[in-house]
Amino acid sequence: MAGAEEQIEIPTEVADGGEPLMPKKEKKPHEKGITFRDFDHVKDFEDLVRTIVTLCNGEEQERLREMEDWIVKNEGTWVLAEGFNNFLASVFHKADWPSEGRIAMMRLLSYGAEQDDIVLILHMDRKDHIVMNYAQQFDRLPIGEQESLAMLFCNLFETASASEWLLYISEWDAPGGGLPISNIRVTTKVAVNALLGDTPALVDYGSALMANLATKEVFDDVCSELAMAILQFFQGKPPEEQVFRCMKALGKFCSIASREVPQLVKMIGPEPSKFSGMSPRVDELIQPIMARLAAVPMF
């Protein structure tokens, strides 16, 4: 593995024929997303050890020792062996391993996402999709796991390479059958379900994810799905910070899918003008969206 001091980027995904599988749009400089840094990472590591150590075999206990070097001693992800991916699979996918262990692991990954070398863990998972197959179950997870997972996805927008990983479009077969899934589909699912979630923390993470996704160039169908969730969210009475995040995202999605999203706003509502007067910064975002609505026919 590369040293932690190097600038690390995950390679662009490539299809069998050598074609890139990332969206073929001109890349902008990375804009750091909204992230959450309130951690006691030593306690989180102690929680992980306490909840799973008796379930670990010899190799998995070695992975815990490596995690201590990474997280507690701050030695970088280069200390993690190739078998770390198998360890993640045990934590995330073994039904008899406790939920508290999964929460602690996600908090540790969220803490580590501040550094560029978090992408080395993501790169190890590109074949088996351990993290994304787990995240695909978002709506069926316990609330504590949903909150930790949504925070992790927010914090992956800390660096360019990790945030691009969330947007990969190459597909694989869903475990147990069903439609093929991809990183961007799972990321969209997490954002939508978090924004419309059952706790204030989930909604906060969901609104941050919407704002973070709006800093990227995503495809029209993703814009439409995210916009529909925002419109459903706007049916309520959200606080100003969350309205600001989501209104900014809605404006970006209107500019990308310049016909479909404005039509959705007009058909589903509410009109953004519902929030006029909430704050000067929200008013600034509403005006260009309303101009787009006026210029787009219903059908």
- Query: At a Förster distance of 45 Å, what's the computed FRET efficiency of MET267 paired with LYS127, Cβ-Cβ distance as r, to 0.05?
  - Reply: 0.60
- Below 22 Å Cα-Cα, how many Lys pairs turn up in region 128-279? Only count pairs eight or more apart in sequence, or on different chains, if you could. 14
- Message: Beyond 19 Å, how much of the Cα-Cα pair distribution for region 156-299 remains, as a whole percent?
- Response: 51 percent
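Could you work out the Rg to Rh ratio of region 217-279, with Rh taken as the Kirkwood radius (inverse of the mean 1/r over all Cα pairs)? Let's see the in-between values first.
On the way: Rg = 11.0 Å, Rh = 11.6 Å.
So for region 217-279, dividing Rg by the Kirkwood Rh gives 0.94.
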- Note on the structure: Per the Kirkwood formula over distinct C-alpha pairs, the hydrodynamic radius of region 88-214 in angstrom is 14.5 Å
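Taking 20 °C and 1.002 mPa s as the conditions, I'd like the Stokes-Einstein D for region 204-244 in µm²/s, using the Kirkwood hydrodynamic radius from alpha carbon pairs. Could the numbers behind the result be given before it?
Numbers: Rh = 10.8 Å.
Rounded, D is 199 µm²/s.
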- Task: Multiply the residue separation of GLU241 and GLU59 by 0.36 nm, subtract the distance between their alpha-carbon atoms, and state the gained length in nm to one decimal.
- Result: 61.0 nm
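Ignoring ligands, DNA and RNA, please state the percent of accessible area on region 192-279 from carbon and sulfur, probe 1.4 Å. Display every interim value, and only then the final one.
On the way: 1720 of 3310 Å².
Within region 192-279, the accessible surface is 52 percent carbon and sulfur.
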- Message: Using only the heavy atoms of the protein chains and a 1.4 Å probe, how would MET267, MET278, MET151 rank by accessible area, largest first?
- Response: MET267, MET278, MET151
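Any idea of the accessible area per residue across region 164-283, 1.4 Å probe, to the nearest Å²? Can you show the working numbers first?
Numbers: 4670 Å² over 120 residues.
Dividing the accessible area of region 164-283 by its residue count gives 39 Å².
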- For region 114-121, in residue order, the Karplus 3J(HN,Hα) values (coefficients 6.51, -1.76, 1.60; θ = phi - 60°; whole Hz; Gly and Pro = x) are 5, 9, 4, 6, 4, 5, 5, 5
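Within the set of other residues whose C-beta is less than 14 Å from the C-beta of ASP198, count the net charge using Lys and Arg as +1 and Asp and Glu as -1.
Numbers: positive: ARG140; negative: ASP139, GLU145, GLU147, ASP204.
Around ASP198, the surrounding residues sum to -3.
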- Message: Calculate the FRET efficiency for ALA95 and LEU196 from the Cβ-Cβ distance with a Förster distance of 30 Å, rounded to the nearest 0.05.
- Response: 0.65
- Message: Output wanted: per-residue J couplings in Hz (rounded whole) for region 38-55, from phi through Karplus 6.51 cos²θ - 1.76 cosθ + 1.60, θ = phi - 60°, x for Gly and Pro.
- Response: 8, 10, 10, 5, 5, 5, 4, 5, 4, 5, 4, 4, 4, 7, 10, 4, 6, 8
- Cα centroid of region 114-131 to Cα centroid of region 206-244, whole Å: 26 Å
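Could you work out the local net charge near LYS248, counting Lys and Arg as +1, Asp and Glu as -1, over the other residues with Cβ closer than 10 Å to its Cβ?
Details: positive: ARG245, LYS252, ARG281; negative: GLU284.
Net charge in that neighbourhood comes out at +2.
About the Cα centre of region 141-272, what is the dipole size in debye to 20, counting +1 per Lys and Arg Cβ and -1 per Asp and Glu Cβ, all else neutral? Don't skip to the answer; put the middle values down first.
Working: 9 positive and 16 negative charges, 69 e Å.
Roughly 340 debye for region 141-272.
If you average over every viewing direction, what projected area does the convex hull of the Cα atoms of the chain give, in nm²? Write down the numbers at each step before the final one.
Values: hull surface 66.4 nm².
That works out to 16.6 nm², a quarter of the Cα hull's surface.
Would you mind getting the accessible area per residue of region 87-138, heavy atoms of the protein chains only, 1.4 Å probe, in Å²?
That works out to 33 Å² for each residue.
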- Message: Checking a compactness column here: for region 27-124, what do you get for Rg(Cα) / (2.2 N^0.38 Å), N being the number of residues?
- Response: 1.09
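The values are calculated or read from the model by the stated rules, or taken from the named source; none is laboratory data. Worth saying up front: this structure is predicted, and the values here are computed from it rather than measured. Don't worry about glycine lacking a Cβ; one is built from the backbone with ideal geometry, like all the others, and counts go over all protein chains shown. Each accessible area value is taken on the protein alone, full model and side chains, heavy atoms only, with ligands, DNA and RNA left out. Shrake-Rupley method; radii C 1.70, N 1.55, O 1.52, S 1.80 Å.
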